[in-house]
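The values are calculated or read from the model by the stated rules, or taken from the named source; none is laboratory data. Please read all numbers here as calculations on a predicted model, not as lab measurements. Cβ atoms come from the backbone with ideal geometry, glycine included; neighbour counts cover every protein chain shown. Remember, those area values only see protein heavy atoms, side chains included, never the ligands or the DNA or RNA. Shrake-Rupley method; radii C 1.70, N 1.55, O 1.52, S 1.80 Å.
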Amino acid sequence: TRTGNMAFNNTNTKYFFPKVTSTQSTDLNMFIPKGEYLIKNLRLYYMENGQRVYIQNKCLDDTAQLAPWELSPGLTASAEALQEEEPDDEYIKIYKKGEKVLYNIFYDDYEEDPSKQQYWKYLHINWPPDGIHPDAGKVLDKPIDRFYLSGKYTVTHWQKDNTLRSGTVGDADPYNKESNAVDLTFYVDGGGSAPWITYIKTNPAAVKENNSYTLAIGVDDSEKDVLMLETEIYHNGKNIFTHRKENLQANPSGDYPETLIGGLPQAQAGVYQVICTVRDHSGAGIKSYKFTVVSEGKITGNVYHTEQWDANRKKYNLKRFSEEVNHPFQFNDYIAMTTPRKRGTNVFWSGEKFMLRAETEGKPSGVTVKINEPDSAGNLRTTGYYAELKNTGRKTASGAELWDGSLWENSMINKWGRKAPEILIFNFTAYYPGETVKEHTAAVIVDSEHDYWQLHRLW
């Protein structure tokens, strides 16, 4: 059982659902509460090799994009419902007092058990003069949808499934399991006569991947009280840095000094949110600043078996070692084993088709793979085997593009690992505008002590 968060915009708009081609019907109404929402930056994905592979990852910002979609029964759409807006990719939300908070929790269960019970637990860090929320620290059976006390809220949510089946005899409750817990953070603004943030800036203005940057923050207060400033930096929704500045005092002209923050982690690709809170004895003001760091290019390559050859590998291990051995080996560790050796996920027979996958950032124009092998002196030399990968149009959960391909030629049969295991180095290369090139290598072990066509005799 698992839960997760789906982010929806809270404007007065409608649901849109994709057409489903399946032999099994899907009733989305059991997951989604009644109401009006706009699905923005909708992401539909499936799991492959432990990763999310996206089949829908774009905004619905024009009625023409509804061609492959149909509305759930009883719902309507209009051009006004799809007005163009700035993409809402802020992970951390700031609400005003009394504003409705939308959680939009997605619940799923591997055994398709329905949810029996929900749990909500709130952590509240309050700002003066507001006190702590009366339900903070309690485990609730439903969410709180409006807040009238300012501060930072972190809600932990989990659910319990219902394993009771029709005709079940006895108490099923001992078999009901709790899901994983997810944390959602949001803020409620103090408002009123509280001090405020005048600006938040980065230096340089455009932050680049793997580069350093600093923050500059301005504050003000109508009463010119002594202030305290707290700055929190979130990267893709995760808090990575917190800074506090005490005793901020206005000069005789009524101006507060600019707060400069350095020593920040080097910028990585993704969405950054800087949330600043300034406080005095009467209240707190809050402001959010968002910037995106675009990857300048990165590639990560992987070499894996076809489904049939991986099944052969597992059968080999089960026959000899009573385990599938679903993990890789370092070459030196593999060589040190006595024969027969356990064949890890990166151990191949010569003659297998090499399945290739690359994850890229920064929108390369092309991706290639070539096989190198070490010579007697340990230097790498090319084997002449080469492949161009194709962009699948799909992405991982982190937004990396997926490129797929394969390598096989008849001449590979019996080429490597006949007398002793050998190592092959696959060089993945991504090509970017301006002659920029990014590379990554992945190593595999080829062990062909037994010919691949004789393997069926071994079990």
Tabulated pairs, region 117-143, first under 10 Å from T156 (Cα atoms) and without any contact (Cβ under 8 Å) to a residue 60 or more places away in the chain, second of a type in the set (K, R) and outside any loop (DSSP other than H, G, I, E, B), C-beta under 6 angstrom, 6+ apart or interchain:
V139/K121
Output yes when any residue across region 369-378 is open to solvent by 80 Å² or more (accessible area, probe 1.4 Å) and modelled with pLDDT of 95 or more, and no when none is.
yes
Can you find a residue that is touching a strand residue (DSSP E or B) at 6+ places or on another chain (Cβ under 8 Å) and either aliphatic (A, V, I, L, M) or in a strand (DSSP E or B) (or both) anywhere in region 249-258?
no
Considering only residues that are buried (at least 16 other Cβ atoms within 10 Å of the Cβ) and more than 18 Å from E439 (Cβ to Cβ), which ones fall in region 403-412?
M412
Residues in region 354-366 that are surrounded by fewer than 20 Cβ atoms within 10 Å (Cβ to Cβ) and of a type outside the set (K, R) total 4
Identify, please: which residue in region 277-313 is assigned to a helix (DSSP H, G or I) and open to solvent by 60 Å² or more (accessible area, probe 1.4 Å) and is, among those, nearest to E223 (Cα to Cα)?
E307
Single residue of region 419-442 satisfying the filter (out of contact with any Asp or Glu (no Cβ under 7 Å at 6 or more places or on another chain) and part of a loop (DSSP other than H, G, I, E, B)) that is nearest to K298 (Cα to Cα)
A420
Does region 446-457 contain at least one residue that is more than 20 Å from E209 (Cβ to Cβ), assigned to a strand (DSSP E or B), open to solvent by 20 Å² or more (accessible area, probe 1.4 Å) and at pLDDT 95 or above?
no
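Go through the residues of region 225-240 one by one and say whether even a single one is among the hydroxyl-bearing types (S, T, Y) and either more than 33 Å from the chain's Cα centre (by Cα) or open to solvent by 40 Å² or more (accessible area, probe 1.4 Å) (or both). Please lay out each step first, then the result.
As a first pass, look at region 225-240 and keep what is among the hydroxyl-bearing types (S, T, Y): 231, 234.
Filter once more, so that each one left must be either more than 33 Å from the chain's Cα centre (by Cα) or open to solvent by 40 Å² or more (accessible area, probe 1.4 Å) (or both): none.
The answer is no; no qualifying residue exists.
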With respect to the numbered conditions (1) touching a strand residue (DSSP E or B) at 6+ places or on another chain (Cβ under 9 Å); (2) assigned to a loop (DSSP other than H, G, I, E, B), which one is the sole condition not fulfilled by K116?
(2)
Top-ranked residue in region 120-153 [being open to solvent by 30 Å² or more (accessible area, probe 1.4 Å) and β-branched (V, I, T); ranked as farthest from K96 (Cα to Cα)]
V139
Which of the residues that make up region 384-402 are open to solvent by 30 Å² or more (accessible area, probe 1.4 Å) and over 17 Å from the mean Cα position of the chain (by Cα)?
G384, Y386, E388, K390, N391, T392, G393
How do the pairs read when you match residues in region 324-353 that are farther than 13 Å from A420 by Cβ and open to solvent by 70 Å² or more (accessible area, probe 1.4 Å) with residues anywhere that are assigned to a loop (DSSP other than H, G, I, E, B) and of a type outside the set (A, V, I, L, M, F, W, C), using Cβ under 7 Å and keeping only pairs 6 or more apart or on different chains?
N326/T345; H327/G344; H327/T345; P328/G344; P328/T345; P328/N346; K353/T306
